[in-house]
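Student: I'd like to ask you about the structure that follows.
Each value in this text was obtained by applying a stated rule to the coordinates, not by laboratory testing. Note that the coordinates shown come from a computational prediction; the quantities given were computed from them, not determined experimentally. As a convention, Cβ positions derive from the backbone with ideal geometry for all residues, glycine included, and neighbour counts pool all protein chains shown.
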Amino acid sequence: MKRYLIRIMLPLLLIGLLLGHTGGYLHLSYIDEIDKLLYDTRLRYTAPGGVDGRVVIVAIDETSLEAEGHWPWTRDKLSRLLDRLTAHGVAAVGFDMVFAERDMSADVRLLRQMASDPEDDAFNQRLDQLEPLIDRDRMFADALAGRNTVLGYYFDTIEETAISVGALPYAAFEVSDEMADKMALPRAFGYGGNLPELVNSAYTAGFINNPLIDTDGVVRRAPLLHLHGLDVYESLSLSLAATYLNDITLPIFVDEIQMIEDYPPVEGLELAGYRIPIDVQGAVLVPYRGPAGSFPYVSATQVINDTLEDVEVLNGAIALVGATAPGLQDIRSTPFGSIYPGVEVHANVVAGILDQNFRWQPAYTIALEMLSILVFGLLSALILPLLSPIRATIQMLLIFFASLLLNWYLWTVQYHVLPVAATIITIWGVYVLNMFFGYFFETRTQYQLSQLFGQYVPPDLVKEMALDPKNYSLASQRRELSVLFSDIRDFTSISEGLTPNQLSEMLNQYLTPMTQIIHERQGTIDKYIGDAVMAFWGAPVADERHASRSVESGLAMLEALGALNQSFQKQGLPEVRIGVGINTGEMSVGNMGSRFRKAYTVLGDAVNLGSRLEGLTKDYGVGMLVGEATRAAAPEYLYQEIDRVRVKGKEEPVTIYQPIGLSVVVSDEVVERVTRFEQMLAEYREQHWDEAEKLLWTLSEPDEEDKLRALYQERIKTYRENPPGEEWDGVFTFKTK
């Protein structure tokens, strides 16, 4: 019984957590993101598809811009467009755009400048007579008059920056101060309206902005109402549908709203006998028919020039004039794709009003979702601990599909959108917690392995090792590995100028990103030696690409110095430079030390050479050096041969290289430089001092600081004066570490 109670405690905590999220007491953003994904999936699979000919998109597309010129067009062109649409029998025309500025004719401005002489009365009188004939705004206003035309405008919801320009149409209805406070409609503090004479001539207007776009940038909802002061205004889609249906929109108020404090006072709209369900923000879920192209498109230039092949497409239809050219920036992201013309979003809403096929989320949806979580969650939490793993899995699947069946019924029959992510997470979470508890004691060995290696290797590798712990131990063994040493240049002098706290903080800020770079590339941290880092690849988890990963890590460490030094500079800390040495070869790896203290580390000649290479970076003025074996094991990188040397403690010479970068990404200029340096080395080893020196000067400008060039220049000078002899093998011997 005690074990049963323990097994239901964690599921109950999970249920409580998800209930808190649904009730708005805490916010788990990932659940909202899953719900959006599931909503989009359901919408795509249940969309009716096909092309709805009742709404036609008159597109200001690339073809129109090429034929008629850049946007905005002069109002006389829009007048011709409207005349042609009317001639072809459209029932209503909506403009998904704002005409806030006057169309100042260049001809009028030129004539006014010519009439600057006040004594030229005849010219001025004639101009006063002609000007109305070329007043393009008046032309457009006349074209709008007497027709079912709906203009667009936008509201500004940012109070600090809001301004008001142009004119607004009449409001759909007014509300009281008390009711306005209870409404959650988008509130406007300013607006961008059309010219007053255009507003007065058009049948009506509607707002075109959408302040309710989801956080992921996807348009799932469209507001039908907007509050400005105590006036409530209609959207372009709603105004256009009302104009087409020759009716006005009436709000449906909740009875006795004072009795329910948080319930929205307006729960729907009525238009021509249709009931439009809206949420607390006066919005509807956009009833997308399908992907872009679900409505007929005609090019605006073809309408203007009367070159449409099928004019019947316009007869009796609602025409929506809007931009579809990418450069006009009216492209939206929707559940059907990230490239979706904004004007077609309006078309979907208009079609939804005509079809009355809106899905909705009434105010009580939250309570229904919480009930779903509670019922399915408690059912899982109470039953699953009593069953065997197989039966528990079957039972969980039955509960899971029952929850999906309920949600699908609400979606397809009731048109009620019930969020489902929290319920699914509850069911699966309870199942996983029960399975986890059942195997808890069997994971103790894996936990011990994690504790054993966790301080050396990144968490991802620990998880991989924990899957098969028997194959990993601390016993010493011989393997081919790659080892990396890095050190801060002149760290002693740097530390002398810092307080102990500054030094500690600086080291922490330096070692953290360097360690992260190594861990991200599956490296094992051996130890920190003051400012130095020692790491290796290929153990405890075998890795065929150990050499490549070590070179990649070294290059990333050098690259990370730029951002790190910028941070140090802001803190008043000195700039740091590092040297990196990498070598590959057979090493002994395992838990080594004394009976008082041991460490998982690597030993051997290959390790010592890696340490020597790091020290040589100072002498050659390069950030990184690798040995021959590393170069051979990681051939995807471009290397520049630096020298052949005998390091202290070894008689056999080794060739050392500087990694430049991945061969496929380095520029031809860099490859050419590497080639010239190798030619210089060849001349140098043949004791052709003049030729070698000439090649040196082609590698950098004379006044450029280049320690590597200066080093070879000094050697050439020395060897000229004291020739090394015919038996010289071109190897430089270092006497110190």
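Student: About its Cα centre, how strong a charge dipole does the chain have in debye, to the nearest 20, once Lys and Arg get +1 and Asp and Glu get -1 at the Cβ? Write down the numbers at each step before the final one.
Tutor: Values: 60 positive and 98 negative charges, 859 e Å.
I would put it at about 4120 debye.
Student: Next question, about the same structure. Using a simple charge model, +1 on the beta-carbon of Lys and Arg, -1 on the beta-carbon of Asp and Glu, nothing else, what dipole does the stretch 570-700 show about its Cα centre, in debye to the nearest 20? Can you show the working numbers first?
Tutor: On the way: 16 positive and 20 negative charges, 214 e Å.
In debye, rounded to 20, the stretch 570-700 gives about 1020.
Student: Shifting gears a bit: Sorted from fewest to most neighbouring beta carbons within 10 Å, what does the list Thr204, Thr655, Thr215 look like? Don't skip to the answer; put the middle values down first.
Tutor: Numbers: Thr204 20, Thr655 15, Thr215 9.
Placing the least packed residue first, the sequence is Thr215, Thr655, Thr204.
Student: Still on this structure: Pop out the ³J(HN,Hα) list for the stretch 304-321 in order, Karplus 6.51 cos²θ - 1.76 cosθ + 1.60 with θ = phi - 60°, rounded to Hz; leave Gly and Pro as x.
Tutor: 4, 8, 6, 10, 5, 6, 10, 6, 5, 5, 8, 5, x, 8, 8, 9, 10, 8
Student: Please give the charge dipole size of the stretch 55-355, origin at the Cα centre, charges +1 on K and R Cβ atoms and -1 on D and E Cβ atoms. Round to the nearest 20 debye. Can you show the working numbers first?
Tutor: Details: 18 positive and 46 negative charges, 128 e Å.
Charge dipole of the stretch 55-355: 620 debye, to the nearest 20.
Student: Can you give the extra length, in nm with one decimal, that the chain gains between Val731 and Trp71 once fully stretched, where that is 0.36 nm per residue apart less the Cα-Cα distance?
Tutor: Details: separation 660, 0.36 × 660 = 237.60 nm, distance 7.18 nm.
Gain on stretching Val731 to Trp71: 230.4 nm.
Student: Hey, for a label at Leu387 modelled as a point 7 Å past Cα toward Cβ, could you say which residues of the stretch 364-380 have their backbone N under 20 Å away?
Tutor: Answer for the stretch 364-380: 372-380.
Student: Which semi-axis lengths, in whole Å and largest first, follow from the square roots of five times the eigenvalues of the Cα gyration tensor of the stretch 667-737? Intermediate results must be reported in sequence, preceding the final value.
Tutor: Working: eigenvalues 97, 39, 32 Å².
That gives 22, 14, 13 Å for the three semi-axes.
Student: Quick check: the distance between the Cα centres of the stretch 603-646 and the stretch 390-427, to the nearest angstrom?
Tutor: One Cα centre to the other: 60 Å.
Student: What is the set of long-range amide H partners of Gly166 at a cut-off below 5 Å, with H atoms built 1.01 Å from backbone N?
Tutor: Those qualifying (amide H under 5 Å, at least 5 residues apart or on another chain) are Gly193.
Student: Of the labelled options [x] 1.13; [y] 1.21; [z] 0.97, which one gives Rg/Rh (Cα atoms, Kirkwood Rh) as computed for this structure?
Tutor: [x]
Student: Still on this structure: Give me a comma-separated list of calculated 3J(HN,Hα) values for the stretch 274-286, in order, Karplus coefficients 6.51, -1.76, 1.60 applied at θ = phi - 60°, integers in Hz, x for any Gly or Pro.
Tutor: Couplings: 8, 9, 9, x, 10, 8, 5, 9, x, 10, 10, 6, 5 Hz.
Student: Counting other beta carbons within 10 Å of each residue's own, what order do His688, His27 fall into, fewest first? Walk me through the intermediate numbers first.
Tutor: Working: His688 15, His27 9.
Ordered by Cβ neighbours within 10 Å, fewest first: His27, His688.
Student: Whose amide H sits under 5 Å from the amide H of Glu270, counting only residues 5 or more places off or on another chain, with H placed in the peptide plane?
Tutor: Leu250, Ile252, Ile276
Student: Here is a further query. For a quick check: sort His519, His70 by the number of other beta carbons within 10 angstrom, fewest at the front. Walk me through the intermediate numbers first.
Tutor: Numbers: His519 18, His70 9.
Starting with the residue having the fewest Cβ neighbours, the order is His70, His519.
Student: Now, a different point. Using modelled backbone amide H atoms (1.01 Å from N, in-plane), which distant-in-sequence or interchain residues come within less than 5 Å of Ala91's amide H?
Tutor: The list, which skips near neighbours in sequence, is Gly316, Ala317, Ile318, Ala319.
Student: Could you give me the ³J(HN,Hα) list for the stretch 355-371, computed from phi with Karplus coefficients 6.51, -1.76, 1.60 and θ = phi - 60°, whole Hz, x at Gly and Pro?
Tutor: 8, 6, 10, 6, 7, 8, 10, x, 4, 8, 4, 4, 5, 5, 5, 4, 5
Student: Looking at the calculated P(r) for the stretch 55-355, what percent of the C-alpha pair distances fall above 26 Å?
Tutor: Values: 21761 of 45150 pairs.
Of all Cα-Cα distances in the stretch 55-355, 48 percent exceed 26 Å.
Student: Can you pull the Rg over Rh of the stretch 162-288, Cα-only, Kirkwood?
Tutor: Details: Rg = 14.8 Å, Rh = 15.4 Å.
That ratio equals 0.96.
Student: Which of the peptides 619-626, 13-20, 562-569 is most tightly packed, and how do the rest follow, judged by the mean count of other Cβ atoms within 10 Å per residue? Before the final figure, lay out each step's value.
Tutor: Numbers: 619-626: 21.5, 13-20: 17.4, 562-569: 12.9.
Peptide ranking by packing, descending: 619-626, 13-20, 562-569.
Student: If I take R0 = 30 Å and measure r between the Cβ atoms of Gln713 and Glu496 in this structure, what FRET efficiency does the formula 1/(1 + (r/R0)^6) give, to the nearest 0.05?
Tutor: 0.40
Student: Follow-up. If you average the alpha carbon positions of the stretch 53-102 and of the stretch 224-244, how far apart do those two centres end up, in angstrom?
Tutor: Here the two parts' Cα centres lie 22 Å apart.
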